[in-house]
Amino acid sequence: MIGIRAVPARGLALALAIGAAGGWLFAEIRMPLPWMMGAMCLTTFAALAGAPLAMPSGLRALMIAVVGTMLGSAFTPKVVAGIALWAPSLAALLLYTVLIIAVAAPILARAPGFNAPSAFYAGVPGGFSEMVFLGERSGGDERRMSLIHSVRILVTVSAIPLWFRLFHGYDPGTPTGLGTFAKLAPFDGLILALSAVVGFVAGKRLRLPAAPLLGPMLLSAAAHLSGLTAASPPAEAVNLAQVVLGAGVGARFVGFEVRKVFGTMALGAGVTALMLALAVGAALGLERLTGLPFAGLILAFAPGGLAEMVLVSLALGVDTAFVSVHHIVRMVFLVAGAPLVFRLVEKHLARISRPRAPAAD
């Protein structure tokens, strides 16, 4: 993992400053999910304009640990008892995930510059770091895959809160269920901090998928289910996590020139729009079949990053446990199953791919 000292301090400071300014601006104009969307949008523009932004994976991982601790606080005995009711939507989620790959990978394979592994792993809806790593190990183009995944997260995180504001009457404000530093008892603060730090370290050592998030979430859930604490992370910490995660998305566009990669970015936006349309269709169908709420289903099926979509669910007041469990199941399924599926379809994608195009850099 890249440490916080492995990137230029000026680039990190600039990314955080621009991210915080974007978060404040979006909060002032009452945009949905302001601290993450504002940070994401302004740092993306700055990166594409040539600003030397930097966001170390270590800092991002620490902020994801905060999100994981917050997630654990949502697991009450009532929620755990109701997980069995989610079996139909979890099964449908896996089928939907396979469908997305079956649709997206051939589209990407026919685009200039995409070989078989690049097309396949860029078309997998989840696990940015994991999918880019697996794709690169199979011979894929790291920059091209990273660009597609970055655009996917950017479009998804931007589109869904706007959809809820325009069509579901969502009024941006302070996320519910969070406390403040001023009201956090010392013992509760200690338990939350231990959940984040110990869970982070243990998750990495146990090689859990999405370890910075899953480790703290499991420890925090255990602390809350046992009655050791009922506190949630302070809103200030969650807002800081949003700024870092949003700026991290924007910083991924450093080094890309819009005029050179516009086609790839447009392709990524188009594929993401298709994924979102399929997610809406799946959510509407499951709402009728199961009675589960559309809001939770669309966030559970949306092709965004796990940490980002959980923060969206928090901002929208949607069941974070429901959303996080679905995204975790999808991530585990993809990390374990994607290489196996790729072996089955590699020859077909290779036949239709067009890898000999100018590089996306």
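FYI, it's all coordinate maths here, none of it is from the lab. Note that the structure is predicted; figures quoted are calculated from it, not measured. Heads up, the Cβs are rebuilt from the backbone with ideal geometry, glycines too, and the neighbour counts pull from every protein chain shown.
The residue among V201, V258, S313 whose Cα reaches farthest toward the positive pole of the charge dipole of the range 175-316, with charges on the beta-carbon of Lys, Arg, Asp and Glu, is V258. Close amide H pairs (under 5 Å, H built 1.01 Å from N) link F114 with R354, residues at least 5 positions away or on another chain. Each part gets one Cα centre, and for the range 122-143 versus the range 45-61 those centres are 20 Å apart. Straight-line reach from K204: taking Cα to Cα under 25 Å and skipping same-chain neighbours fewer than 8 places apart, no lysines fall in range. You can think of it this way: the chain between A230 and V197 has 10.1 nm of extra reach, that is 0.36 nm per residue less the Cα-Cα gap.
From helices alone, the chain scores -24000 deg cm²/dmol at 222 nm; the rule is -39500 (n - 2.57) for each run of n ≥ 4 DSSP H residues, then divide by the residue total. Once the Cα atoms are used to define both axes, helix 57-72 deviates from the longest principal axis of the chain by about 50 degrees. Structural size metrics of the range 62-215, computed from C-alpha coordinates, are Rg and Dmax of 19.3, 57 Å.
Setting aside same-chain residues fewer than 8 positions from K78, which lysines have a Cα under 28 Å from its Cα? List returned: K183.
Highest-first packing order for the peptide set 12-18, 154-160, 304-310 is 304-310, 154-160, 12-18, based on the mean count of other beta carbon atoms within 10 Å. Note on I148, I191, I100: ascending count of other Cβ atoms within 10 Å places them as I191, I100, I148, the fewest first. Cα-based radius of gyration for the range 285-345, normalised by 2.2 N^0.38 Å, reads 1.27. When each of the peptides 199-205, 182-188, 246-252 is scored by the mean number of other C-beta atoms lying within 10 Å of its residues, the order from highest to lowest reads 246-252, 199-205, 182-188. Helix 211-225 and the longest principal axis of the C-alpha atoms of the chain enclose an angle of approximately 30°. Coordinate range of the alpha-carbon atoms in the chain per principal axis, descending: 60, 50, 43 Å. Altogether, the Stokes-Einstein calculation at 10 °C and 1.306 mPa s, with the Kirkwood radius of the range 29-97 over Cα pairs as Rh, returns a diffusion coefficient of 100 µm²/s.
Cβ crowding within 10 Å, taken as a proxy for footprinting-reagent exposure, orders S195, S313 from fewest neighbours to most as S313, S195.
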